[in-house]
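Q: This structure is in structure tokens; I'll ask about it shortly.
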Amino acid sequence: MIALEPLQQITGSRVRWRGRELIYFSGCDYFRLASEPAILKAAVTGLKKFGLNVAASRLTTGHHKIYEVLEEQLAKFFGAEDALLVSNGYLTNIVVAQALAGNFSHALLDERAHPALVDAANQLDCPILRFKHRDADDFLRTVARCGGGARLMVLTDGMFSHDGSAAPLKAYLKFLPRDGMMMVDDAHGAGVLGRNGRGTPELEGVSRRQIIQCMTLSKAFGVFGGAILGTRELREKIFARSRSFVGSTPFPLPLANAAVQSLKIMKSRGGVFRRRLNENANYVKDALRKSGFGIPGLPGPIIPVHAKSESESLALKKHLLAAGIFPPFLKYPNGSATGYFRFVISSGHSRAQLDKLVNALKSF
């Protein structure tokens with residue numbers, strides 16, 4: 001039986017665990033917007049103005065004006081033709097797959113794709129072929145295995161949550177037939193990667209023509225809910241064919257109002273947030289490299305540390321706690337099978353907090 005322990009966030013970068021206040025290098029609130037006063041105020045305003053819940057599907061009586069406003073703003077922010085809100089980020093991939101089921105001869109799946117993409121691939125009603133993680137050469141070999149005339153759907157994370165690496169979308173698109181499509185789960189890349197925060201497609205400098213970008217509002221944007229960035233044609237197919245979309249209630253109205261405010265903040269201050277985030281992440285990575293850690297040059301603000309054994313993991317946990325740091329030890333489906341420490345840097349960490357992390361890891 002898995003025992004879940006309560007973890008109370010005190011501020012964006014501090015938590016209370018087992019009665020102790022500790023520095024927090026985990027979670028995915030990259031810009032600490034989940035505790036931004038203006039966003040919290042927008043949630044309260046939305047609650048008073050709109051109520052809590054539409055209590056119906058968007059296609060019956062649950063289509064509220066605030067959802068339209070948010071979708072328009074998301075499409076504009078990301079430079080997409082259309083944006084469609086979904087109850088949560090995990091569901092975005094499944095909704096798209098249900099809408100497009102039967103349109104492809106093969107689904108090509110990164111071997112370390114997020115479980116949401118694995119579930120989506122199983123909804124596409126076609127054979128699933130896995131290719132090696134972020135390996136463009138193996139991707140090309142997998143495309144060739146499908147034969148001439150194959151219509152392909154590629155499923156990959158944008159920024160991978162286990163180490164902050166990004167999918168080589170440009171290389172994949174080079175080998176993908178023109179009638180193929182790519183579903184990119186950009187839950188971690190949206191808002192974080194790219195000059196304007198438009199995510200992995202912007203980082204890679206690729207056209208959106210063959211890309212369906214799925215994202216969440218619960219990480220960089222600090223709120224909740226999912227969004228599908230695609231075409232108006234895709235929206236209509238979802239309305240017609242996705243059981244998960246048609247049969248579900250959209251996320252609460254106060255959160256939609258809060259997300260509108262979050263987008264406003266990201267438009268005006270997102271560049272500052274991303275610059276500070278990259279500065280903080282690079283500061284820690286550079287300091288650890290100088291101390292002999294093999295930290296690769298990846299774009300995400302995530303630093304994985306793998307212990308050699310269970311006893312070493314336990315020792316590192318105790319060492320971090322002694323330094324006043326919450327030990328972010330994870331066992332996640334697309335990460336190491338034995339578990340690992342995933343340190344997530346935010347734009348809100350102070351230099352003193354970063355130094356504490358570096359010194360703790362160096363002294364272990």
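The values are calculated or read from the model by the stated rules, or taken from the named source; none is laboratory data. As the structure is a computational prediction, the values presented were derived from the model and not from experiment. Here Cβ is always computed from backbone atoms with ideal geometry, including for glycine, and neighbour counts include all displayed protein chains. Remember, those area values only see protein heavy atoms, side chains included, never the ligands or the DNA or RNA. Shrake-Rupley method; radii C 1.70, N 1.55, O 1.52, S 1.80 Å.
Q: Would you rank LYS267, LYS237, LYS285 by solvent-accessible area, highest first, keeping every protein chain in place and using a 1.4 Å probe?
A: The ranking, largest first, comes out as LYS267, LYS237, LYS285.
Q: To continue, here is another question. Nearest 0.05, what FRET efficiency do ASP119 and ASP179 give at R0 = 25 Å with Cβ-Cβ as r?
A: 0.55
Q: Can you give the Rg to Rh ratio of the chain, both from alpha-carbon atoms, with Rh computed by the Kirkwood formula? The partial results should precede the final answer.
A: Numbers: Rg = 20.8 Å, Rh = 21.4 Å.
My calculation puts Rg/Rh at 0.97.
Q: Here's another thing I want to ask about it. Carbon-plus-sulfur fraction of the accessible area of the chain, 1.4 Å probe, in percent?
A: 52
Q: Here's something else I'd like to know. Take the alpha-carbon positions of region 43-120, form their convex hull, and give its projected area averaged over all directions (one quarter of the hull surface) in nm².
A: Computed as one quarter of the Cα hull surface, the answer is 7.4 nm².
Q: While we're looking at this one, here's another question. Kindly state, to the nearest 0.05, the FRET efficiency for LYS264 paired with LEU129, given R0 = 45 Å and r defined as their beta-carbon distance. Walk me through the numbers on the way to the answer.
A: Values: r = 42 Å, r/R0 = 0.94.
The formula returns an efficiency of 0.60 here.
Q: Structure shown: which of LYS170/LYS290; LYS285/LYS331; LYS49/LYS76 lie over 27 Å apart, alpha-carbon to alpha-carbon?
A: LYS170/LYS290
Q: Working from the alpha-carbon coordinates of region 185-296, get Rg over Rh, Rh being the Kirkwood radius.
A: Here Rg/Rh amounts to 1.07.
Q: Now, a different point. Just to confirm, what accessible area per residue do you get for the chain at 1.4 Å probe, in whole Å²? Don't skip to the answer; put the middle values down first.
A: Values: 15960 Å² over 364 residues.
Accessible surface, normalised per residue, equals 44 Å².
Q: Let me know the shape class of region 160-219, please: from the alpha-carbon gyration tensor, a ≥ b ≥ c as square roots of the eigenvalues, rounded when a/c is under 1.5, otherwise prolate if a/b is greater than b/c, or oblate.
A: prolate
Q: Which value, in Å² and to the nearest 10, is the accessible area of THR61 when all protein chains are kept and the probe is 1.4 Å?
A: 110
Q: Further question on the same structure: How high is the FRET efficiency from TYR283 to LYS76, r the C-beta distance, R0 30 Å, rounded to 0.05?
A: My answer for the efficiency is 0.35.
Q: Oh, and also: For ARG275 and LEU314, compute 0.36 nm times the residue count separating them, minus their Cα-Cα distance, and round to one decimal in nm.
A: In short, 10.6 nm is gained.
Q: Looking at the chain only, what percent of DSSP beta bridges run antiparallel? Nearest 5 please.
A: So the antiparallel bridges amount to about 55 percent of the total.
Q: Using every pair of alpha-carbon atoms in region 130-169, split the distances into 10 Å bins beginning at 0 and state the percent of pairs per bin, rounded to integers.
A: Pairs per bin, as whole percents: 27, 51, 19, 3.
Q: Largest first, how would SER248, SER291 line up by accessible area (1.4 Å probe)?
A: Order by accessible area, largest first: SER291, SER248.
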